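Each remark here refers to the structure printed beneath this line.
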Amino acid sequence: MAYSDKVIDHYNNPRNVGQLDKSSQEVGTGLVGAPECGDVMRLQIKVNPETQVIEEAKFKTFGCGSAIASSSLATEWVKGKTVDEALDIKNTDIVKELALPPVKIHCSVLAEDAIRAAIGDWKKKNGVAEGEAVAQPVAAH
Amino acid sequence: MPDQETESVAASCWSCGASLGTGSPICSSCGKVQATSADADYFAVFELSRKLNIDTKALERGFYKLSRKLHPDLYAQAPVQEQQWSLDQSSLLNDAYRALKDPVRRTEYLLTLEGMKLEPEKGDAGKAARAPADLLEEVFELNMQLEEMRMNRKMGEDDPQLRQDLVNAKDQFEGQLRDNDIQIQNLWAAWDTAVDAGDPSQQDQLKTQMVASLDRRRYIRNLVRDVNETLES
Ligand code: FES
Ligand SMILES: [Zn+2]
């Protein structure tokens, strides 16, 4: 199967490979897997507690080229966004950007899931209910 | 209500008019071969209800008995139509036997028949099922080790500790596979009970559980295979 140039670029020069301190209050970790192929992806974000802006993002993916490219792109996209903005990223955006063929759509789904899982983890750590907007300062509880 | 499926949609013999269970390949009254019916499922071919604990010895006997009766050689002199039917029925019979004799394939077949989706279809946007969540940490860790192992290989190094870690991980996954198999067997028994009791809501719940168990089984088997390949390469 032919990969698009963008996939090959991300695959050869993946951005933001690595890990962040899982135990830090500011870090959210998303670990997701695709049962179809057994691929696993870990995506982490570091969120500024004042502004809710994602300042840092890292990933490590064991999977196909499309999964690596999707997660690499996802880390690029979430950086600089608030967590709420980052939740708007859809797998279809990734598909479009990387020109993924239909059989590789699940790889982009994995990346979207990873973003959501990382944000979910961060919200849980910081006492923000799932689905609740975080644009305003969070009330103490 | 056992045998509900085979009784509720009865057909009749084209030759003598005797009533037949759906999917009966041969008329029990006159012995004529029947056309394959569109809603003949593999269970119906053997006149079984959709249960999961099957006496495979009896299934085998039934298979040989039917294969002899349906054998195309017997129909060499028969009208073309019946020749064709005997061919159709023989191949259906073979498919049915192959699918039912292995308990896992039987379960997969039953679940598909019952309208469940087994493997999430690739390219089905947004519907990708989740890998077993409780395994993800271990799987990720395992992948880290596999990567290191392959890296060592490339450098011509061997790390006995790492190799041992991988063997341990593999043992652990194989243990989980055994646990999962026991769980699947319990589900079979529960399913059969629910079929006998005619309890559709219980059946629905069991179907979902069986799909999850089979997905898990497939997932862990793939992991074990990956480890084996890396260890042996
Ligand atoms: S093939 Fe499974 S993530 Fe790409
Ligand atoms: Zn008849």
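Go through (1) within 14 Å of another protein chain (Cβ to nearest Cβ); (2) acidic (Asp, Glu); (3) loosely packed, with under 14 Cβ neighbours inside 10 Å and name the single condition B:Asp204 misses.
(1)
Within the set of pairs 6 or more residues apart or between chains, which connect a residue that is within 9 Å of chain B (Cβ to nearest Cβ) inside region A:107-118 to a residue that is surrounded by fewer than 24 Cβ atoms within 10 Å (Cβ to Cβ) and among the hydroxyl-bearing types (Ser, Thr, Tyr) with Cβ atoms less than 8 Å apart?
A:Ser108/A:Thr92
Select, from A:Val17, A:Val47, the only residue that is over 24 Å from B:Asp215 (Cβ atoms) and either touching a Lys or Arg at 6+ places or on another chain (Cβ under 6 Å) or within 14 Å of chain B (Cβ to nearest Cβ) (or both).
A:Val17
Restricting attention to region B:145-181, report how many residues are of a type in the set (A, V, I, L, M, F, W, C) and over 36 Å from the mean Cα position of the chain (by Cα).
Of all residues in region B:145-181, those of a type in the set (A, V, I, L, M, F, W, C) come to B:146, B:149, B:151, B:155, B:162, B:166-167, B:169, B:173, B:177.
Within this subset, residues satisfying the condition of being over 36 Å from the mean Cα position of the chain (by Cα) are B:151, B:155, B:162.
So the count comes out to 3.
Quick check on region B:75-93: of everything there that is under 13 Å from B:Lys32 (Cβ atoms) and in contact with a helix residue (DSSP H, G or I) (Cβ under 7 Å, 6 or more places away or on another chain), which residue is most open to solvent (accessible area, probe 1.4 Å)?
Checking each candidate, the answer is B:Gln83.
So the check is Cβ under 8 Å with 6+ separation or different chains; which pairs have a first residue in region B:133-145 that's more than 7 Å from chain A (Cβ to nearest Cβ) and a second one that's among the β-branched types (Val, Ile, Thr) and buried (at least 18 other Cβ atoms within 10 Å of the Cβ)?
Taking only residues 6 or more apart or on different chains, the pairs are B:Leu135/B:Ile220; B:Leu142/B:Val227.
If you take the residues in region B:12-36 that are open to solvent by 20 Å² or more (accessible area, probe 1.4 Å) and within 27 Å of the chain's Cα centre (by Cα), which one is farthest from ligand 1 (Cβ to nearest atom)?
B:Ile26
Considering each residue of region A:51-98, count those that are part of a helix (DSSP H, G or I) and of a type in the set (Asp, Glu), and give that number.
Summing the residues that are part of a helix (DSSP H, G or I) and of a type in the set (Asp, Glu) in region A:51-98 gives 5.
The values are calculated or read from the model by the stated rules, or taken from the named source; none is laboratory data. Predicted, not measured: the structure shown is a model, and the values here were computed from it. Positions of Cβ are generated from backbone atoms using ideal geometry, with glycine treated the same way; all protein chains shown enter the neighbour counts. Note: accessible area is taken over every heavy atom of the protein model, side chains too, but ligands, DNA and RNA are not part of it. Shrake-Rupley method; radii C 1.70, N 1.55, O 1.52, S 1.80 Å.
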